[in-house]
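Each remark here refers to the structure printed beneath this line.
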Amino acid sequence: MDDPRGDMERHQPPPSLWPVAFAVGIVCLLVGLIVSWIVAAVGAAISVVFGFLWARDVVAAGRGEVPPEPVPAQVDDGPDTLEPEPAERFPRSVFLEASTLGLGAVIGGIATVPALGFAVLPAFLKQHSPEIDIGPINDFPQGQYVVATFLRNPSEGEISRRTAYIRNNGTVNGAPSFTCISNRCAHLGCPVQPGGPVFDSKKQMVKTKNGEVDLIPMLPAAGFICPCHGGAYDQEGNRTAGPPVRALDRYRFLIRDGHLILAGTYSVASVSGSGAQAKIHLYETTGPGQHVDGPEAWLYPVQPPH
Amino acid sequence: MARRKSARRQQLETAAMYPLDWLEERSGLVGGLRYFLFRKVPGDTNWFHTLGSATLTAFLVQLVTGVILAMYYKPDPQNAHDSIDHITNDVTLGWLVRGMHKWGASVFIILMFMHMGRVFLFGAYKYPRELNWIIGVLLLATGLFEGLTGYLLPFDQTAYWATVVAININGTAPFVGPFLASLLRGGAEIGPDTLARFYSLHMLLIPGALIGLITLHLYLVIRLGVTSPPWSDEAAGEGPPPKPSGARAGLVRPRPRAAVRGRPTE
């Protein structure tokens, strides 16, 4: 068989700078077409001259007229390299290898770390619960539950629509008391439904700072029931049946200028008593399906910011 | 010998083959492809061995239909559902491409499991193919994640609440769960960015990972060859037959005739 390199070498053009100059000429020509005809002419001249030189080289190489490359002198000292020499302690090749890898790692890090942070950090930073104005407290008749539907954050649009079940408990020591239950099931976050009639015909729409809030009176005689997996709760949000691991979450509330304002949620292990006299075992907001008390709560020691 | 070809015919053949020769000389790709397509496999492979290729085909269908769907889909909460309606009802052949993508997703997952079952029952995960089993398991998990992220995109009630439940199931994982859930949602609550996040995962990050893993998976299939069925008489591949015995874990019926035929009498 033929030595394959023989064929390759015949195809190889000699090293030459003419193509570079030719390329510069072409660039000059193209820039000149936009900038001025003088530049274009100079570019054309450069391209023609160096194009000719390049072509001449290539043709000459094709005829085999190019002298062979000078043979590097080191090739002959083969026997010397066989002598056992003490190895260099810090050879240049090791330095080059390390610096190449190191530089690559630094460049890779500079490119990757910010992108990774951009993908991950926004999910955990600047998380806050907006205050939600859901209208004058006079719209909430005492002792009756109301379905309140509102935008948690009007700038986010419909995606932030949330529902709370709110009951006016009257006053305790002169301060108004409300029960504001979140409709997010404590099992896996589906929307729980009132177990009883919802009086759609008595629906009120209240204009507030949060846009329109719908208030619909209802009578959750059987408490609250989740359509997804059958979790059931009593009227205070205590779990009575099904898979939920704790009671329903509640909203903190405050009253400002006669308006009821919801200010973030908290999680509830259980509630004893009812209405204004209820004793609530509350914890920081925790995801659905996660225990807040008992030994199972040890599985969820740290919560991401809510 | 065959008849001598006429000079003209030879010339024509050379001209026709020239582009392939050109490519082969510079890349070796033609030889590589030929090796891949015409490599030796055991003589008693059967239809069960095609489940892997079927899975790959299902994936390629998902890839092509997905790219086309992305031309019409709008990943933001206000428009997502309307754009799906538009694809299904207005765009020419949209119903077909969306249907292929929707049903093809289930086909892909089912085929992955069937392929996995075949490999398990044939004992094809054993030495030296353990690594390919591991890559296959990663492919399964990644494929399921692709299914999860794709499920939100139609953005109807089913999609939304199924995703809420799926994210919250992730949230119940011990210790890291709550953080995993926040990472998936892109925040403490599902918001306007959640859909775009799932879309990006579904069509860029996860398919990239799948393509990389499939490449590795195929590389190992080609490098290690295909296994014979466990009932095979034939040794897989060339070279000395593997040592008999437990390598096949009792899946082989005892064959007295093998003793007669295979071993020299002493």
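Each value in this text was obtained by applying a stated rule to the coordinates, not by laboratory testing. On a predicted model such as this, the values are computed, not experimentally measured, just so you know. Here the Cβ is made from the backbone with ideal geometry for all residues, glycine too, and neighbour counts use every protein chain on show.
Remark on residue A:145: its backbone amide H falls under 5 Å from those of A:218, a criterion applied only to residues 5 or more positions apart or on other chains, H modelled at 1.01 Å from N. Across segment A:180-189, coupling constants 3J(HN,Hα) worked out from phi with the 6.51/-1.76/1.60 Karplus curve, θ = phi - 60°, read 10, 9, 6, 8, 7, 4, 7, 8, 9, x Hz, and Gly and Pro carry x. Three principal axis extents of chain B based on alpha-carbon atoms, in descending order, are 77, 61, 32 Å. Projecting the Cα positions of A:192, A:24, A:204 onto the charge dipole of chain A (unit charges on Cβ atoms of Lys, Arg, Asp and Glu, taken about the Cα centre) puts A:204 furthest along the positive direction. Here the 3J(HN,Hα) profile of segment B:50-57, calculated from phi with Karplus coefficients 6.51, -1.76 and 1.60 at θ = phi - 60°, is 8, 5, x, 4, 4, 4, 4, 4 Hz, Gly and Pro shown as x.
Could you give the distance between the Cα centres of segment B:144-202 and segment A:206-238, to the whole Å? So the separation of the two Cα centres works out to 24 Å.
Normalised by 2.2 N^0.38 Å, with N the number of residues, the alpha-carbon radius of gyration of segment A:131-299 equals 0.99.
Compared with the dominant principal axis of the Cα atoms in chain B, helix B:94-121 is inclined by about 50°. Here's how it looks for residue A:185: its modeled amide H is under 5 Å from those of A:190, A:192, which are all 5 or more places away or on a different chain. Distance from the C-alpha centroid of segment B:1-70 to that of segment A:258-306: 63 Å, rounded to the whole angstrom. Residues B:227, A:265, ranked from the fewest to the most other C-beta atoms within 10 Å, line up as B:227, A:265. Over the protein assembly as shown, the ratio between the Cα radius of gyration and 2.2 N^0.38 Å evaluates to 1.48. Remark on residue A:131: its backbone amide H falls under 5 Å from none of the residues 5 or more positions apart or on other chains, H modelled at 1.01 Å from N. Evaluating 6.51 cos²θ - 1.76 cosθ + 1.60 at θ = phi - 60° for every residue in segment A:130-139, the Karplus couplings come out as x, 7, 10, 7, 10, x, x, 5, 5, 6 Hz, glycine and proline recorded as x.
In degrees, nearest 10, range 0 to 90: what is the angle between the Cα axis of helix B:206-224 and the longest Cα principal axis of chain B? With rounding to tens, the tilt is 10 degrees. The dipole here belongs to the protein assembly as shown: it is taken about the Cα centre, uses +1 on the Cβ of Lys and Arg and -1 on the Cβ of Asp and Glu, and is about 1820 debye. Fully extending the segment from residue B:29 to residue B:176, taken as 0.36 nm per residue of separation minus the present Cα-Cα distance, adds 48.3 nm. With helices defined as uninterrupted DSSP H runs, which ones in chain A have an alpha carbon span along their own long axis of at least 15 Å and mean Kyte-Doolittle hydropathy of at least 0.0? TM-like helix candidates: A:18-34, A:37-62, A:92-120. Placing +1 on the Cβ of every Lys and Arg and -1 on the Cβ of every Asp and Glu, with no other charges, gives segment B:49-226 a dipole of roughly 720 debye about its Cα centre. Helix B:7-27 axis versus longest C-alpha principal axis of chain B: approximately 60°, rounded to the nearest ten. A dipole drawn for chain A from +1 and -1 charges on Cβ atoms has a positive end, and of A:281, A:99, A:60 the residue lying farthest that way is A:281. With loop defined by DSSP as not H, G, I, E or B, and exposure as at most 13 other Cβ atoms within 10 Å, which is the longest segment of chain B clear of exposed chymotrypsin sites (Phe, Trp or Tyr not before Pro)? In chain B, the maximal stretch lacking such sites is B:1-174.
Dipole of segment A:131-299 computed with +1 at Lys/Arg Cβ and -1 at Asp/Glu Cβ about the Cα centre; of A:233, A:163, A:174, farthest Cα towards the positive end is A:174. Calculated mean residue ellipticity, 222 nm, the protein assembly as shown: -15000 deg cm²/dmol, from DSSP H runs (n ≥ 4) at -39500 (n - 2.57) each, averaged per residue and rounded to 500.
With pairing defined as another cysteine C-beta under 4.7 Å, the cysteines of the protein assembly as shown that fail it are A:28, A:180.
The dipole here belongs to segment A:131-299: it is taken about the Cα centre, uses +1 on the Cβ of Lys and Arg and -1 on the Cβ of Asp and Glu, and is about 140 debye. Dividing the Cα radius of gyration of chain A by 2.2 N^0.38 Å, with N the residue count, gives 2.04.
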